[in-house]
Amino acid sequence: MLFVSFASFVSKALLVGIASTTAAQAEDKLRVGLMLPYTGTYAALGNAITNGFKLQVEGNGGKLGGRTVEFFTVDDESDPAKATENVNKLVKRDRVDVLVGTVHSGVAMAMAKVARETNTLMVVPNAGADELTGPLCAPNIFRSSFSNWQSSYAMGREVAARKHKTVVTLTWKYAAGQQSVDGFKEAFEKEGGKVVKELTLPFPNVEFQPFLTEIAALKPDAVFVFFAGAGAVKFVKDYAAAGLRTSIPLYASGFLTDGTLEAMGEAGQGLVTTLHYADGILNAQNQSFRLRYAKAYKVQPDVYAVQGFDAAQLLDIGLTAAGGDVTRRAELQKAMETAQIASPRGTFTLSRAHNPVQDIYLRKAEGKENKLVAVSIKALADPARGCKM
Amino acid sequence: MKFRASSVALFVAVAAVIVFPFTDSAFYTELLAKAMILAIFALSLDLLVGYTGLVSFGHAAYFGIGAYATVLLAPKYDPASLWVVLPGAVVAAGLAALIIGLFVLRTRGIYFIMVTLAFAQMVYYVFHDTAIGGGSDGIYLNFKPSAALGAFRPFDLEQARQQCWFVTAALLITWWFLARLLRSPFGRAIVGIRSNEQRMRALGFATVRYKLAAFTIAGAIAGLAGSLYAILFGFVTPELLSWHQSGNVLLMVILGGIGSFAGSVGGAFAFVAMQEVFSGWTRHWQLLMGGVIVAAVLFLPGGLAALPGRLKRAFGADRG
Amino acid sequence: MDLPTFLIQLLNAVQYGLLLFLVASGLTLIFGIMGVINLAHGAFYMVGAYMAFALTGLTGNLFYAILLGIPLAFAFGALLEWLLFAHLYKRDHLEQVLLTYGLILIFEEGRSLLFGDDVHGVDVPALFAASIRLTDTLSYPVYRLVISAVCVALAAGLFVLIRRTRLGMVIRAGSHDRDMVQALGIDIDRTYRIVFALGVALAAFAGMLAAPVSSVFPGMGNQVLIVSFVVVVIGGIGSIWGALIASLVIGLADTFGKVLVPEYAGLAVYLVMAMVLLWRPEGIFRRG
Amino acid sequence: MADVLLAAEGLTRLFGGLAANRDVSLSLARGEVHALLGPNGAGKSTCINLLSGDLPVTSGRVLLRGKDVTALPNHKRSLAGIGRSYQRTNIFAKFTAFENCRLAAQSRDPRAWRILSDAHGTVALRDRGRAALEQAGLGARADIVAATLSHGEQRQLEIAMVLATGAAVLLLDEPLAGMGSEESARMIELLKQLRPAHAILLVEHDMDAVFEVADRVTVMVEGRVLESGPPAQIRASAAVREAYLGEPV
């Protein structure tokens, strides 16, 4: 009996699924597709971005560019193997007007490929892969977050300014890590420093002990790393436990300490990082954003929430200029390209490759916050290498 | 009676699959193509699990090698020839299966399961850690391969419909090939090995060689599926080789009922449908998926293929 | 590499190997005695780590968390055996693979529902929070040494269990032939339940012990599972002694692979396995 | 000297410290039924396994037509002409009786590796399968699924399969086990029929049957050969009587 009901339930579910998507097409709403991770390692980031995006939309009375928004969400699981299929769910099945996503760079690149092929308007609210606003740049692809190069380039200058001559870098061997290290190295060596060794380990391996031993043997002036999430927590703890915190200073791009400070505990305190957002930015838009966010979701916002919020702001500007009509692409893109986005991170504009030209902050971990120390580089623009637009 | 009912069912199913792309739903056409590709993949594993008695838990490796071979054989800035990349992928995957088979077939039982898994992980790390295929970030197929033979263009894979039909043809040919293979002397021998390997050896069959051949053929067909997958989605990552994929395809085969090609195809379709439906319902859809798997093992031995018989018995419709 | 660095890397390798042993020993026990292939073993490791996180939060100390966690894990294992695995002994390995694969999904999502998807840290007990200075730049965390010591003690305990007890006799018989074991006059259902629960408890214990150094995070079980498989394959199914040797071999391959050939570090472990298989298809310590 | 096909010289097989076979020598000649007797655990099945290659020897030699085949694995020995049956019925239960024999015949066929031709299309194999079935007295049961054959028929089928391989040496492990008297009689008839063209090793508990067909008898006890000779000599042997025949079987 069980099997019969199961079979009928599958077929029914399928029918209902098809029917509901076709019925919805009749209404005249702005169809926004959110493709973000809601399960797996980056689930917390996906939720924060969604919250930020929806906060802006709700502040607008549920509208973007004057049109009521209907959301379509797909959990991309941060799984590149399913990326193309997942984005097709939004583009081909749900026929969304706008695509928003995602966290994982590999998945975002698969999304960008589909967006280019189908000429769907797309905003990247996190993934920092340099290619998205480099070789893969396109008139219909925008980014409200950062490029991997940006935050670590700033750190390269900071480390050199602190009179460190030699640095060992360590990261996972994947695009985000590699590009961060490249950005750091570019700035650091331009200022006269030397990266003596680039260590890598496969993503998402977290057995760091052999590398710590090697770092201790190399005795560089400083260490630069790129890690995020669980790996970041473990690395920082291991680094401290190996006694290296007292002998060799540790620097990183800000993802090391975002959303991870609580888990790091004592080991995370005092870490110096660079990022395009920090706790304690004193501008009106940040204060109102933080207040509204905390009220709506009962948690403090983080950099990911800001990026989601700004993605919605960016779209609102473009759509408003086009009278809410996604097909008036020229006006829409023009407005987005020239927009001044009043972001909680500070007002920013977009580069010709559609990446934020933004201030990068120097931050220091205190308690559960990445406290603003200073503006490291003002209005830093990604070089957008390989972009032919 | 049974024969006629099942061939009518098959005919209706094939007709439905051929007609479906006319519904003009690009997404569901693609989903259908994906389900059929996974069906090819599941068929290849069923040859091992269901007919040769080799429970491979690393079958995704050959699927992935087929996919990578397709992308790596294609030029970067021009469409590749389908007649190069497809056979190339099949040969590459078959060759890999042959080499790995030499190792894994030295073991049996639980060992075999674990060793196939471990070798698949090894292949996974080859693509994940080295620069061969873009590392953990994956690699793109920029253009769909061209089916042109000189001036003659039999079909165009850029057209979603034609692509779906091409996959349909591939599935039917694979199915036919495997059904035919089972009736061949070789096929009888591997079925004999599954049922009683010791006896086969005593009769004079070099059983390891037969198993190796079956392992290679299954790997090659998995490579075909992987190649089609790469062509369909244009993007290949190491995750295609991960042990979750090996688990999923095993699930399709068992869900459908091992030792039944129709079951494997049905299992693949059921798997895709479940994934689609569950993930539409809830973010925690994997919980449902896990629940279904556990329930299927406990309450549905023999899989979907055994369902008609079980139902008949339960309702007593066909007694005597 | 100079000598002190080499020695420290050796220490790293041994330390990592011993922790692997803790997970793999439970796996090899369940394989060897019950003939059950258990993919969910990594999930039990994860369950242990999250228990350490939750119970440390409740009790304020990892010691109490572990004291509380072990019986809980044991009971959890016994419950699972009674509920699910007991129905599988007469079935194919195939169905065992599938069932335990389903369990992984359930545990992962259950974890997500209960604890969310954030990374959490677990504090090292204050008693072991210090580090020992090894060179002018490098110290070694005491807690890591404690883990190793506990692993060694546990290994010794397991050997005693196997050499000196009735349960051990069954384990040494290495048989999952229920009839034969029953003929020895042993209550087979109870034995199986105990062995399975013991295996779960070992994995969970490893998770609890490792939680302060690894932190707890989604998907942590899967990383451990596959390497444990390799350990069991190399060591020989059901052989505790083999698991110990294999764990150390893998620890060495992994650690020195990372340092010497970083490009192929992920492969090193599997290459070792392939070579062992060529040499001895049924593992180093295969049976009879 | 008779036409010796298979000879064992000093076969020894140790399991751990235990000798399952120690220094066993015997020979099988065409036209002879050589019976192997002994109490349970005497090492008779082990001996067959050593001869067929299912188990490797610890020491000693197996000669087939004077050629050393000790190093050959079981399937190669089978191809060389050594066929065997098993103590516990060991057939392909889901196949028909005919398919069991056809598959057995296929083992010597170079076309066995074809993957696209119909297995039943090869006339020669079909004929060999049928002939073997006929010879074993199962001609009328060809299309019955093996699992549903009676126990006696399954034992016959087992021998039919060996015949289908065209083996010259038959190693039969208790072919009469579990058979009724009528079935036994038929099997003994079959053995007599096969005797002229084959060298047969018969492991059997049924004394009457053994002494009815055997041309030569070897008695094993605790892994060793106790005595070997014509039936009359064995029947008269005090040692055998003490070690074996004296015990109630």
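The values are calculated or read from the model by the stated rules, or taken from the named source; none is laboratory data. This is a predicted model, so every value here is computed, not measured. Glycine also receives a Cβ, built like all others from the backbone with ideal geometry; neighbour counts cover every protein chain displayed. Each accessible area value is taken on the protein alone, full model and side chains, heavy atoms only, with ligands, DNA and RNA left out. Shrake-Rupley method; radii C 1.70, N 1.55, O 1.52, S 1.80 Å.
Quick look at the numbers
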{"quantity": "Complex-versus-alone comparison for segment C:255-279, residues with a loss of 30 Å² or more in accessible area, probe 1.4 Å", "calculated": "C:Lys258, C:Val259, C:Pro262, C:Glu263, C:Gly266, C:Leu267, C:Tyr270, C:Met273, C:Ala274, C:Leu277, C:Leu278"}
{"quantity": "Inverse mean reciprocal Cα-Cα distance (Kirkwood Rh) of segment B:174-239, Å", "calculated": "13.6"}
{"quantity": "Pairwise Cα inverse-distance average, inverted: Kirkwood Rh of segment B:5-241 (Å)", "calculated": "18.6"}
{"quantity": "Approximate spin-label separation C:Asn61-B:Ile18, in nm, with each point projected 7 Å along Cα-to-Cβ", "calculated": "7.6"}
{"quantity": "Segment A:223-330 - convex hull of alpha carbons, volume per residue in Å³", "calculated": "145"}
{"quantity": "Calculated on alpha-carbon atoms, Rg and Dmax of segment C:112-159 in Å", "calculated": "15.6, 46"}
{"quantity": "Stokes-Einstein D (µm²/s) once Rh is taken as the Kirkwood radius of the protein assembly as shown over alpha-carbon pairs, at 10 °C in 1.306 mPa s", "calculated": "47"}
{"quantity": "Derived scalar couplings ³J(HN,Hα) [segment B:182-197; Karplus, 6.51 cos²θ - 1.76 cosθ + 1.60; whole Hz; x for Gly, Pro]", "calculated": "5, 7, 6, x, 4, x, 4, 5, 5, 5, x, 5, 4, 7, 6, 5"}
{"quantity": "For D:Glu174, net neighbour charge (Lys/Arg +1, Asp/Glu -1) across residues whose Cβ lies under 15 Å away", "calculated": "-2"}
{"quantity": "Rg to Rh, two decimals, where segment B:10-115 supplies the alpha carbon set and Rh follows Kirkwood", "calculated": "1.06"}
{"quantity": "Stokes-Einstein translational diffusion, segment D:1-149 - Kirkwood Rh over all Cα pairs, 0.692 mPa s, 37 °C, in µm²/s", "calculated": "188"}
{"quantity": "Over segment A:247-389 - Rg/Rh using Cα atoms and the Kirkwood inverse-distance radius", "calculated": "1.03"}
{"quantity": "At R0 = 22 Å, FRET efficiency that the Cβ-Cβ distance of B:Gln198 and D:Ala239 yields, to 0.05", "calculated": "0.05"}
{"quantity": "Estimated inter-spin distance, A:Thr349 and B:Leu149, nm [label 7 Å along Cα→Cβ]", "calculated": "5.9"}
{"quantity": "Share of pairwise Cα separations in chain A, more than 38 Å, in percent", "calculated": "20"}
{"quantity": "Within the accessible area of the protein assembly as shown (1.4 Å probe), percent carbon and sulfur", "calculated": "60"}
{"quantity": "Rounded to 10°, Cα long-axis angle of helix A:2-24 versus longest principal axis of chain A", "calculated": "80"}
{"quantity": "Estimated translational D of segment D:174-249 in µm²/s (Stokes, Kirkwood radius over Cα pairs; 10 °C; 1.306 mPa s)", "calculated": "119"}
{"quantity": "With Cα atoms, 0 to 90° folded angle of helix C:188-214 axis to chain C main axis", "calculated": "10"}
{"quantity": "Whole-number accessible area per residue in Å² for chain A, which is evaluated in the context of all protein chains at 1.4 Å", "calculated": "34"}
{"quantity": "Under the Karplus curve 6.51 cos²θ - 1.76 cosθ + 1.60, θ = phi - 60°, whole-Hz ³J(HN,Hα) for segment B:292-306, x wherever Gly or Pro sits", "calculated": "4, 4, 4, 4, 4, 5, 6, 10, 10, x, x, x, 4, 4, 8"}
{"quantity": "Per-pair calculated FRET efficiency, R0 = 56 Å: C:Leu260 and D:Ala124 via Cβ, rounded to 0.05", "calculated": "0.40"}
{"quantity": "Computed over segment A:149-275, Cα set: Rg, Dmax in Å", "calculated": "12.9, 36"}
{"quantity": "Cα centroid of segment D:3-73 to Cα centroid of segment D:188-204, whole Å", "calculated": "18"}
{"quantity": "Segment D:90-167: C-alpha pair distances exceeding 20 Å, %", "calculated": "23"}
{"quantity": "Solitary cysteines of the protein assembly as shown, where the nearest other Cys Cβ is not under 4.7 Å", "calculated": "B:Cys164, C:Cys151, D:Cys47, D:Cys101"}
{"quantity": "Distance in nm between pseudo-label sites at C:His87 and D:Glu212 (7 Å out along the Cβ direction from Cα)", "calculated": "5.2"}
{"quantity": "Residues of segment A:39-75 buried by at least 50 Å² on assembly (accessible area, 1.4 Å probe, chain alone as reference)", "calculated": "A:Thr39"}
{"quantity": "Eligible lysines near A:Lys29 by straight Cα distance, threshold 30 Å, same-chain separation 8 or greater", "calculated": "A:Lys12, A:Lys54, A:Lys63, A:Lys82, A:Lys89, A:Lys92, A:Lys113, A:Lys295, A:Lys298, A:Lys334"}
{"quantity": "Label point at D:Lys94 placed 7 Å out along Cα→Cβ; residues across segment B:45-74 whose backbone nitrogen lies under 20 Å", "calculated": "B:45-57"}
{"quantity": "Alpha carbon centroid spacing (whole Å) that separates segment C:206-251 from segment C:40-85", "calculated": "17"}
{"quantity": "Karplus 3J(HN,Hα) series, Hz, for segment C:105-112 with 6.51 cos²θ - 1.76 cosθ + 1.60 (x for Gly, Pro)", "calculated": "4, 5, 5, 4, 6, x, 4, 4"}
{"quantity": "Candidates per trypsin sites (Lys or Arg not before Pro) in segment B:236-320, loop by DSSP, up to 16 other Cβ within 10 Å", "calculated": "B:Arg319"}
{"quantity": "Segment B:139-193 - Debye-derived log10 I(q)/I(0), Cα point model, q = 0.19, 0.20, 0.21 Å⁻¹", "calculated": "-0.76, -0.78, -0.81"}
{"quantity": "Overall Cα dimensions of segment C:1-153, principal axis frame, Å, largest first", "calculated": "58, 36, 28"}
{"quantity": "Total accessible area lost when B and C pair, probe 1.4 Å, Å² to nearest 100", "calculated": "4200"}
{"quantity": "Mean projected area (nm²) of the alpha-carbon convex hull when chain C is viewed from all directions", "calculated": "16.1"}
{"quantity": "Within the protein assembly as shown, helix-based [θ] at 222 nm, where runs of 4 or more DSSP H residues each add -39,500 (n - 2.57), nearest 500", "calculated": "-17500 deg cm²/dmol"}
{"quantity": "Largest-first principal axis extents, alpha carbons of chain D, Å", "calculated": "58, 41, 37"}
